1. For the stretch 26-49, indicate whether the set of residues that are in a strand (DSSP E or B), away from the ligand (no atom under 16 Å from the Cβ), hydroxyl-bearing (Ser, Thr, Tyr) and closer than 25 Å to His198 by Cα is non-empty.
2. Residues that are more than 14 Å from the ligand (Cβ to nearest atom) and hydroxyl-bearing (Ser, Thr, Tyr): which helices (runs of 4 or more DSSP H) entirely in the stretch 252-342 hold 2 or more of them?
3. Can Leu50 be described as over 15 Å from the mean Cα position of the chain (by Cα) and either under 18 Å from Gly104 (Cα atoms) or hydroxyl-bearing (Ser, Thr, Tyr) (or both)?
4. From the residues in the stretch 50-61 that are modelled with pLDDT of 95 or more and assigned to a loop (DSSP other than H, G, I, E, B), which one is farthest from the ligand (Cβ to nearest atom)?
5. Look through Gly371, Gly386, Gly361, Gly352 and report the one residue that is under 26 Å from Met84 (Cβ atoms), at pLDDT below 90 and part of a loop (DSSP other than H, G, I, E, B).
6. Out of the residues in the stretch 145-176 that are of a type in the set (Ser, Thr, Tyr) and either outside any strand (DSSP E or B) or modelled with pLDDT under 90 (or both), state the one that is farthest from the ligand (Cβ to nearest atom).
7. Residues of the stretch 198-228 being buried (at least 19 other Cβ atoms within 10 Å of the Cβ) and of a type outside the set (A, V, I, L, M, F, W, C), which ones?
8. Which of the residues that make up the stretch 109-122 are touching a Ser or Thr at 6+ places or on another chain (Cβ under 8 Å) and either modelled with pLDDT of 95 or more or part of a loop (DSSP other than H, G, I, E, B) (or both)?
Amino acid sequence: MIVIGGGPSGATAASHLAGSGHSVLVLEKGPRGRSKPCAGGLTAQAVRELGFHLPSSVLGRPIYSLRLVCCGRTREVRRKEPFMWVTRRDLLDLYLLDNAARAGATVRNEEAAIDISRTNAQVTVTTRAGSYSGRLLILASGVRSGLVRKAGFSMTTPLGWCTVASIPTPHTDPGDTVLVEYDFGGKGYGWAFPGVGHMNIGYGCHPPFASQANNLFESFIQRHGLPKPQARAFWPVPLGGGRRFALTADSALVVGDAAGMVDPFTGEGLRYAFRSGRLAAEVAAAALSAYDYPPKSDLSYYDQACRVSIFRELEAARRVVCVASKFHRLFEELMLRPGMAESIQDLLSGQGGYGSLAIRGLLCMFSTGSGAVKRPKATTSEVSQGDGPL
Ligand SMILES: Cc1cc2nc3c(=O)[nH]c(=O)nc-3n(C[C@H](O)[C@H](O)[C@H](O)COP(=O)(O)OP(=O)(O)OC[C@H]3O[C@@H](n4cnc5c(N)ncnc54)[C@H](O)[C@@H]3O)c2cc1C
């Protein structure tokens, strides 16, 4: 069994497969401990998907409060339990890959897959160092991977674009509140996530506004009095939902970002990377145990499982984004009504889904008054860190 890509989806698939006794090779083009541009938001639901406890040094900072900003107005909600953590992707991804190696997978870092070919009973992956053959391939090579087409998939996923930066905060306590500012007019959203020793700040844009990502990022950090970063990355994110393509082709399965599995409303992809990695491993393990080859019929269970347990959620998220951008004034007003920020926390913690968010939104529409929406004392450009624990 060959897994291309040692990110969260590939590492999850590899540990499940190796743990069930299969021989697994992971090819990862990055060095050991490579990082990936990410906000590092690890939701309570994503942690549950993993199925095992992460050490607190890997989990990162527990987050109890969500500060939601729309049109310069703020609502902040706090929970007794953390609904997410802010992790560091280099630490998380390394832990997951080491976990796969502990389960018995062979991990080859700094070895990029260049080509994929098939004979009747084998998939062969070529790298600069040589070629490797296996019965099945799991493609976990992330967003915009050229290998997706080489492996026989025809998917295209719309891309959002993010400007993201990590700012060291070694001597300050950046608090336990995440700030999320939505611009439902269609441009995207900004975030400031406090980690351990760093603060992750970014702005994610919907496809038509990609060229504005840097400017939107600049004005976001100015508006909120956030520190100016030394360096930043500009990175695509596949927006899931919408038209979907087959996730299995001959003897290959595609998982995580390579399959376009990121929630377009929250930007969450780790939950689906873990879930798809596990589902792909389960279906592949069953196919490898069967003696028919090629195991096409067995692999199609993966497509069905993803449709039910991943793409329904992503499609609901896509609809929310569509409705929000069409009726953005109404939506911005709704988002600050009592209960809406709580519903988003439920969404992230896995205690609720888009169905309950929609029901809550409808109830808010028919209720009067905007509740305890906090209007900032200053204009939005004057809202600063002194405004709260961020
Ligand atoms: C700016 C930004 C912020 C985000 N914030 C969040 C967040 O807060 N929470 C959240 O849940 N999600 C977030 N996401 C999404 C999340 O990062 C992804 O969904 C997640 O990384 C997907 O994991 P993956 O394993 O599928 O892909 P990746 O993490 O991209 O891993 C793919 C791996 O494949 C390797 N690879 C690629 N090509 C080859 C090759 N030819 N041969 C060998 N190896 C190869 C790469 O080096 C990489 O290690 C964010 C994304 C972006 C861009």
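1. Looking through the stretch 26-49, none of the residues is in a strand (DSSP E or B), away from the ligand (no atom under 16 Å from the Cβ), hydroxyl-bearing (Ser, Thr, Tyr) and closer than 25 Å to His198 by Cα.
2. By residue number, 296-306.
3. Here the answer is no, as Leu50 does not meet what is asked.
4. Pro55
5. Values: Gly386 fails: part of a loop (DSSP other than H, G, I, E, B); Gly361 fails: part of a loop (DSSP other than H, G, I, E, B); Gly352 fails: at pLDDT below 90.
Just one listed residue meets the conditions, Gly371.
6. Going residue by residue through the stretch 145-176, those that are of a type in the set (Ser, Thr, Tyr) are 145, 154, 156-157, 163, 166, 169, 172.
From what's left, either outside any strand (DSSP E or B) or modelled with pLDDT under 90 (or both): 145, 154, 156-157, 169, 172.
On the way: Ser145: 5, Ser154: 18, Thr156: 17, Thr157: 12, Thr169: 17, Thr172: 21 Å.
Checking each candidate, the answer is Thr172.
7. Of everything in the stretch 198-228, those that are buried (at least 19 other Cβ atoms within 10 Å of the Cβ) and of a type outside the set (A, V, I, L, M, F, W, C) turn out to be His198, Asn200, Gly202, Tyr203, Gly204, His206, His224.
8. Glu111, Ala112, Ala113, Ile114, Asp115, Ile116
The values are calculated or read from the model by the stated rules, or taken from the named source; none is laboratory data. Not measured: the values here are computed from a predicted model. Quick reminder, even Gly has a Cβ in these numbers, built from the backbone with ideal geometry, and neighbours come from all protein chains shown.
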